[in-house]
């Protein structure tokens with residue numbers, strides 16, 4: 001590598017899971033970089049290296065080696081794995097740094113709920129149910145084994161105990177005796193899942209494993225109701241923003257696929273432990289688990305090969321429903337618990353979209369429904385005339401704030417709404433904090449507002465001499481917030497590159513919608529309902545999305561934002577055998593469209609890049 005000109009050189013420090021990047025001089029500390037990025041990294045001792053409140057993990061890049069003092073402060077941490085003090089470690093080259101939740105004072109907004117979707121009681125048989133039995137005590141004339149004694153007691157009660165695996169048998173003798181020969185057996189479709197003390201409350205765990213975020217839910221199996229939920233950033237983001245980069249990492253790095261599997265499983269275990277703690281329940285009371293996610297997340301969770309997902313024609317290892325032993329995946333739940341994953345549809349349409357379709361339900365006869373689950377990868381389905389036609393499109397990480405100059409994920413201080421009144425720019429931040437960056441919904445608003453006010457031409461270029469357009473050097477930019485109003489004393493700008501990122505994302509989605517409509521032979525006015533799902537889809541302003549042409553130009557009354565539909569579907573699958581069969585039947589009916597193989601895609605995508613002319617309005621509500 002040639003020597004840097006140290007007077008002008010900078011290095012990039014990227015902070016995960018926030019998706020925030022900042023350029024600093026070589027030799028700057030990670031704490032300095034965090035402050036420059038506007039991140040509220042804790043530093044109780046003021047950066048003197050006397051505490052571990054600013055602990056981070058260096059994931060990749062060239063950093064200064066740990067000192068003897070730093071090793072002493074971080075005694076008990078895993079320095080060899082990259083644990084460092086942000087105030088002590090210096091960036092000698094580009095760095096990727098993971099910031100644990102306990103080291104930062106802001107929390108990312110995570111979409112857990114599925115508003116407008118009922119995911120409570122589901123009638124019918126459950127995959128796992130409670131069977132209470134009283135087992136006869138052994139005596140001199142009855143020396144049957146504990147297993148035979150339990151089988152006979154269940155048979156006398158009209159229940160067939162089925163298979164008893166080694167971990168369940170190992171759990172049973174002590175539990176039997178501690179419970180005075182009474183047991184609550186968690187009975188699955190194939191056999192006993194757990195032998196628990198009498199009266200133990202049984203739970204199911206459902207998770208929507210997204211590329212960026214994981215939403216976890218604890219479901220009471222007695223009532224089929226969700227009683228606790230929690231979300232966190234998918235720790236895999238430190239290995240790449242999107243599934244393509246993670247697949248590439250797994251493919252080229254020895255042990256990379258296993259590492260991605262293990263960090264995901266540990267995140268799920270952490271969610272399970274915290275959710276159970278809210279109910280003062282042991283994790284062994286979680287007797288059934290459902291995971292949904294895109295095909296890559298599905299394969300990472302199951303420790304299936306992923307290399308083939310990164311190469312055309314992007315064939316999954318498996319598309320059918322999968323049921324695995326939870327302990328084989330490393331999940332710390334009931335000893336015989338199973339993990340159910342509904343079918344995938346294709347390499348880039350996964351079990352999460354199947355779960356979302358289950359939650360949304362089939363449209364009434366004669367009605368046409370468009371279902372869009374917006375994320376880093378967006379899945380789109382049209383349900384009409386008994387058909388389900390589906391595609392995926394690479395909308396990219398721009399909606400998560402990535403690849404945007406001052407972009408960040410949805411944490412406190414991120415601009416989430418932008419409105420322009422005359423020449424007055426009005427920004428709303430998450431939590432009402434001083435602005436430190438802009439998240440995806442804010443960027444979408446900003447581009448829509450600029451286009452509506454004539455500051456952008458149809459190709460996304462800033463117009464010369466427009467009052468909303470400023471010059472920074474030779475570049476035309478839009479000033480979101482002046483330096484004096486921000487939380488880091490530097491102005492926040494939107495550049496032509498940022499506009500292009502949003503154009504690419506919205507064009508990918510619009511091209512998918514248009515090509516699916518062409519496939520089923522309908523026009524957009526024939527769509528009776530547009531269901532917008534997903535974490536990003538929950539927070540966008542639909543009027544901005546319509547003005548940009550990302551979504552159909554329909555009355556607002558035809559749109560419904562439903563939140564985390566995949567999470568709602570996962571919760572239904574954890575309590576209902578019938579819903580699992582419905583998911584499998586639905587997936588078998590789906591007609592998958594590979595956009596990359598459609599000869600009209602390039603032309604349709606190019607047309608969708610164009611921004612609407614200033615002054616053109618979406619139709620009024622009706």
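Bear in mind that the values in this text are calculations on the coordinates, not laboratory data. Since this is a predicted model, take the numbers as computed values, not measurements. For neighbour counting, all protein chains shown are included, and Cβ atoms are generated from backbone atoms with ideal geometry for every residue, glycine included.
Computing Cα extents along the principal axes in Å for the structure here picks out one of [x] 74, 57, 40; [y] 66, 62, 49; [z] 99, 72, 42, namely [z].
Evaluate the relative contact order of the chain (contact order divided by residue number), counting alpha-carbon pairs under 8 angstrom at least 6 apart; express in whole percent. List each step's numbers first, then the result.
Values: 1409 pairs, mean separation 87.2, N = 622.
Relative contact order for the chain comes out at 14 percent.
Across segment 239-348, the mean sequence separation of Cα contacts (distance under 8 Å, 6 or more residues apart), normalised by length, yields a relative contact order of 29 percent. Peptides 603-610, 399-406 ranked from most to least packed give 399-406, 603-610, packing being the mean of other C-beta atoms within 10 angstrom over each peptide's residues. Kindly express, to the nearest 10 degrees and within the range 0 to 90, the angle between helix 351-360's C-alpha long axis and the longest C-alpha principal axis of the chain. With rounding to tens, the tilt is 90 degrees. Against the chain, whose longest principal axis comes from its Cα atoms, helix 243-252 is set at around 70 degrees. Looking at segment 406-494 alone, DSSP beta bridges between its own residues are antiparallel in about 75 percent of cases.
Most simply put, the chain has about 70% antiparallel DSSP beta bridges, counting only bridges with both residues inside it. The spacing between segment 8-41 and segment 374-436, judged by their C-alpha centroids, is 23 Å. The antiparallel fraction among DSSP beta bridges confined to segment 11-103 stands at about 80%.
With contacts taken as Cα pairs under 8 Å at a separation of at least 6 residues, segment 11-103 carries a relative contact order of 41 percent.
With Cα atoms defining each centre, segment 132-170 and segment 513-555 are spaced 57 Å apart in the structure.
Helical runs assigned H by DSSP (4 residues or longer) give the chain a calculated mean residue ellipticity at 222 nm of -8500 deg cm²/dmol, each run adding -39500 (n - 2.57) before division by the residue total.
Beta carbons within 10 angstrom, averaged per residue: use that to sort the peptides 537-543, 13-19, 136-142, highest first. List each step's numbers first, then the result.
On the way: 537-543: 20.4, 13-19: 25.0, 136-142: 8.9.
Packing proxy ranking, top to bottom: 13-19, 537-543, 136-142.
Percent of Cα pairs in segment 406-494 per distance bin of 10 Å, from zero to the largest separation: 19, 51, 28, 2.
For the ranges 86-95, 352-361, 305-314, 555-564, what's the packing order if you count other beta-carbon atoms within 10 Å of each residue, average per peptide, and put the highest first? Present the calculation step by step, with values, prior to reporting the outcome.
Working: 86-95: 21.0, 352-361: 27.7, 305-314: 16.0, 555-564: 18.8.
Ranked by mean Cβ neighbours within 10 Å, highest first: 352-361, 86-95, 555-564, 305-314.
Between the helical axis of 496-520 and the dominant principal axis of the chain, each derived from Cα atoms, what acute angle in degrees is found, rounded to the nearest 10? Helix 496-520 sits at roughly 60 degrees to that axis.
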